[in-house]
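The values are calculated or read from the model by the stated rules, or taken from the named source; none is laboratory data. Predicted, not measured: the structure shown is a model, and the values here were computed from it. Every residue, glycine as well, gets a Cβ built from its backbone with ideal geometry; the counts of neighbours run over all protein chains shown.
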Amino acid sequence: MTTKKNEIVIYTDGACDPNPGRGGWGAILVQDGKERILKGKEAVSTNNRMELTAALQALKVVPSTVPVTIFTDSQYLKKGIEEWLPNWIARGWRRKGGVLANVDLWQDLAKEINTHSITWKWVRGHNGNIYNERVDKIARNAIKGK
């Protein structure tokens, strides 16, 4: 993994068992060869909520002066941030079709991303990317309280 000086690379994932059901999220933050793992769980959630929560919680611990690259296997998260968010904001936090799911997390993410320089990257899940596989395991274990 090649990184810029001081850059923090973050891998995030969320999981639910079943979906909806018990949820877990995880994040691996890598900076200058050092790793930090974040994780959490919710008694009732959805996979999408856990994906958003993982990114939000990771960004909350990153100083705003440090460039960030976030890897996610969630198209919902990546497209939501890069494509859909401006329209949701313009419509008063509504989708074209009405209610916006997870609006609380989208609003929190919108505030958080405005304080950081972030590059978003999509990685295919369960496809051999070592960090993606690890963060998936962290999220699944978080459901169980591990």
- Task: Check K34, K41, K78 and return the single one that is at pLDDT 95 or above, at negative phi, touching a helix residue (DSSP H, G or I) at 6+ places or on another chain (Cβ under 8 Å) and of a type in the set (K, R).
- Result: K41
- Item | Of all residues making up the range 97-146, the number that are of a type in the set (V, I, T), more than 25 Å from G21 (Cβ to Cβ) and in a helix (DSSP H, G or I) | 2
